[in-house]
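> Questions regarding the structure given below will be posed in turn.
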Amino acid sequence: MSQDFHPNVSPDHFWMPFTANRQFKATPRLLESAEGMYYTASDGHQVLDGTAGLWCCNAGHGRREISEAVSKQIAKMDFAPTFQMGHPLPFELAEKLAAISPEGLNRVFFTNSGSESADTALKIALAYQRAIGQGSRTRLIGRELAYHGVGFGGMSVGGMANNRRAFGPMLPGVDHLPHTLDLQRNAFSKGLPQHGVERADELERLVTLHGAENIAAVIVEPMSGSAGVILPPVGYLQRLREITAKHGILLIFDEVITGFGRVGEAFAAQRWGVTPDILTCAKGLTNGAIPMGAVLVADHLFDAFMNGPESVIEFFHGYTYSGHPVACAAALATQQIYQQENLFQKAIDLEPYWQEALFSLRDLPNVIDIRTVGLVAGIQFAAHADGVGKRGYEVFRECFEKGLLVRASGDTIALSPALIVEKAEIDQMMELLAAGIRKAG
Ligand SMILES: Cc1ncc(COP(=O)(O)O)c(C=O)c1O
């Protein structure tokens, strides 16, 4: 199938993000339209979307409710500042998010992306510690294999080597917990893996090393998506919560991927019964239609900022587009769809079927692990003799040719279909995936 660029458009000028630019431009994969569970590629072939775009479009593509809300809002008021000014929509949206957030996380700071949400969360944590007289708490703890976006804060606490190594010394005073991927003990676990809770205890080691009085916050993805769907071992998040609480360290959950029903419930925090102090989100907030992120913050943190004179700005941070009216309109329409169609519950209802479907791929060539929870899955392949990532890329490419969009991260294929997916589409996804895996060899 040929996917050439339009003859009048040069491929040269768009520097593509996280892409092998020269390889892509030589053999492009171009999408032109989207509806429901499907993209249509530029050569007309239908592509079943196994990834909700890029973990974004949880309500499926082409939702008229969202496009209508966006066009109405852009005509009514295209932009309004939120620095010492306001408009009703971010207040309304913040109230809606507080209503679905884990208990006590009722304050909402708006951003435009997951990266900005991560950096905002880290800044809130540092400023909070200072506000309560704990100014020596400046150290941040991330985790190996974590992805918290591409800002300097998120990159520093992140733990994916390729995302870090070209960019200098990073933020000072950052440490990393070990990751929780353990194929030896946990391969082919159904749901959360049984082994690895003790990896949370590494935090005690870091506390001993640095002193709790120097640590501001720990940030983790409850489930790492970008590094290839790495699940928290049973009890791991609870253990992190206990240790952080014991030492006055804030716990931040980065729920940019897990938010809005991906693992069932609105947030992973609720699914796994662990409440952080700060929670970041983006992507599914607007169904991917308009860039937007948010940081949900515990009341007591917010309150700590509200102590000085009322005329003084409490937190010197924000983005021109924080609470952008058009993004808010998209988010409000999106949240209404989630609620009306009960989509978070649908992820839980479909989970057993999804898991069984995935495990039917277990005996295919080179499959060394399958990890699933909610409506997400990672299938890991043995690395090709020619190098890490080659097999993952080949499966991704073959699947696209056959009409299925998956996401490759190294030699793991990640799947995260929209929560509107039907069983027949899951079946179709598995057939295409099996064919792609066999062809990639
Ligand atoms: C957990 C997590 N945090 C942050 C980000 C960065 O989000 P964005 O690409 O919107 O900046 C991502 C993106 O995939 C993510 O998975």
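The values are calculated or read from the model by the stated rules, or taken from the named source; none is laboratory data. As the structure is a prediction and not an experimental result, all values here were calculated from the model. Reconstructed Cβ throughout: ideal geometry from the backbone, glycine too, with neighbour counts over all protein chains shown.
> Looking at the structure I just gave you, is Glu314 surrounded by fewer than 21 Cβ atoms within 10 Å (Cβ to Cβ), part of a helix (DSSP H, G or I) and not polar (S, T, N, Q)?
So Glu314 fails the test.
> Among (1) within 20 Å of Pro417 (Cα to Cα); (2) within 13 Å of the ligand (Cβ to nearest atom), where does Gly264 come up short?
Evaluating Gly264 over (1) within 20 Å of Pro417 (Cα to Cα); (2) within 13 Å of the ligand (Cβ to nearest atom) leaves (2) as the failure.
> If you don't mind, another one. Residues that are over 21 Å from Ala414 (Cβ atoms) and either in contact with an Asp or Glu (Cβ under 6 Å, 6 or more places away or on another chain) or among the charged types (D, E, K, R) (or both): which strands (runs of 3 or more DSSP E) entirely in the range 1-75 hold 1 or more of them?
Working: elements: 31-35, 38-41, 46-49.
Hits in the range 1-75: 31-35, 38-41.
Per-residue answers, yes or no, for (1) within 15 Å of the ligand (Cβ to nearest atom); (2) buried (at least 18 other Cβ atoms within 10 Å of the Cβ); (3) without any contact (Cβ under 8 Å) to a residue 24 or more places away in the chain:
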{"residue": "Gly149", "(1), (2), (3)": "yes, yes, no"}
{"residue": "Gly153", "(1), (2), (3)": "yes, yes, no"}
{"residue": "Ser156", "(1), (2), (3)": "yes, yes, yes"}
{"residue": "Asn162", "(1), (2), (3)": "yes, no, yes"}
{"residue": "Gly168", "(1), (2), (3)": "no, no, yes"}
{"residue": "Gly173", "(1), (2), (3)": "no, no, no"}
{"residue": "Arg185", "(1), (2), (3)": "no, no, yes"}
{"residue": "Gly191", "(1), (2), (3)": "no, no, no"}
{"residue": "Gln194", "(1), (2), (3)": "no, no, no"}
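> Look at Gly323 and say whether it is in a loop (DSSP other than H, G, I, E, B), of a type outside the set (A, V, I, L, M) and within 28 Å of Leu419 (Cα to Cα).
Values: in a loop (DSSP other than H, G, I, E, B): yes; of a type outside the set (A, V, I, L, M): yes; within 28 Å of Leu419 (Cα to Cα): yes.
Against the criterion (in a loop (DSSP other than H, G, I, E, B), of a type outside the set (A, V, I, L, M) and within 28 Å of Leu419 (Cα to Cα)), Gly323 qualifies.
> Specify which of the listed residues (Glu341, Glu314, Glu242) is over 21 Å from Leu122 (Cα atoms) and acidic (Asp, Glu).
Numbers: Glu314 fails: over 21 Å from Leu122 (Cα atoms); Glu242 fails: over 21 Å from Leu122 (Cα atoms).
Matching residue, one of Glu341, Glu314, Glu242: Glu341.
> Looking only at the range 217-261, count every residue that is near the ligand (Cβ under 10 Å from one of its atoms), in a loop (DSSP other than H, G, I, E, B), touching a residue at least 60 places away in the same chain (Cβ under 8 Å) and of a type outside the set (Val, Ile, Thr) and tell me the total.
Result for the range 217-261: 5.
Table: residues versus (1) part of a loop (DSSP other than H, G, I, E, B); (2) surrounded by 24 or more Cβ atoms within 10 Å (Cβ to Cβ); (3) of a type in the set (Ser, Thr, Tyr).
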| residue | (1), (2), (3) |
| --- | --- |
| Gly378 | no, yes, no |
| Gly392 | no, yes, no |
| Val395 | no, yes, no |
| Glu398 | no, no, no |
| Pro417 | yes, yes, no |
| Ala424 | no, no, no |
| Gln428 | no, no, no |
| Leu432 | no, no, no |
| Gly436 | no, no, no |
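> Right, next: Mind counting the residues in the range 273-287 that are out of contact with any Phe, Trp or Tyr (no Cβ under 6 Å at 6 or more places or on another chain) and either without any contact (Cβ under 8 Å) to a residue 24 or more places away in the chain or buried (at least 24 other Cβ atoms within 10 Å of the Cβ) (or both)? Steps first, answer last, please.
Going through the range 273-287, the residues out of contact with any Phe, Trp or Tyr (no Cβ under 6 Å at 6 or more places or on another chain) turn out to be 273-275, 277-278, 280-282, 285-287.
Going one step further and asking which of them are either without any contact (Cβ under 8 Å) to a residue 24 or more places away in the chain or buried (at least 24 other Cβ atoms within 10 Å of the Cβ) (or both), we end up with 277-278, 280-282, 285-287.
Adding up the residues that qualify gives 8.
> Whether any residue in the range 378-397 is in contact with a helix residue (DSSP H, G or I) (Cβ under 6 Å, 6 or more places away or on another chain) and closer than 25 Å to Gly104 by Cα is what I want to check.
So far as the range 378-397 goes, no, none of its residues is in contact with a helix residue (DSSP H, G or I) (Cβ under 6 Å, 6 or more places away or on another chain) and closer than 25 Å to Gly104 by Cα.
> Given the residues Ser101, Ser115, which is the only one that is within 25 Å of Ile290 (Cβ to Cβ) and either within 16 Å of the ligand (Cβ to nearest atom) or of a type in the set (Asp, Glu) (or both)?
Exactly one of Ser101, Ser115 is within 25 Å of Ile290 (Cβ to Cβ) and either within 16 Å of the ligand (Cβ to nearest atom) or of a type in the set (Asp, Glu) (or both), namely Ser115.
> Let me ask something else about it. Out of everything in the range 121-147 that is farther than 16 Å from Pro172 by Cα and within 16 Å of the ligand (Cβ to nearest atom), what residue ends up being nearest to the chain's Cα centre (by Cα)?
Among residues in the range 121-147 that are farther than 16 Å from Pro172 by Cα and within 16 Å of the ligand (Cβ to nearest atom), the one nearest to the chain's Cα centre (by Cα) is Tyr147.
> Tally up the residues in the range 56-98 that are out of contact with any strand residue (DSSP E or B) (no Cβ under 8 Å at 6 or more places or on another chain) and within 16 Å of the ligand (Cβ to nearest atom), please.
The total comes to 2.
> Identify all residues within the range 275-319 that are more than 15 Å from Arg107 (Cα to Cα), within 16 Å of the ligand (Cβ to nearest atom) and of a type in the set (Ser, Thr, Tyr); write none if there are none.
Across the range 275-319, the qualifying residues are Thr286, Tyr319.
> I would also like to ask the following. How many residues are under 19 Å from Phe381 (Cα atoms) and in contact with a His (Cβ under 6 Å, 6 or more places away or on another chain) when one looks only at the range 135-181?
Residues that pass the stated criteria total 1.
> If you don't mind, there's one more thing I want to ask. If you check Gly36, Gly53, Gly114, Gly86, which single one turns out to be at pLDDT 95 or above, in the same structural domain as Ala414 (by TED's automatic domain parsing) and under 24 Å from Pro325 (Cα atoms)?
Gly53
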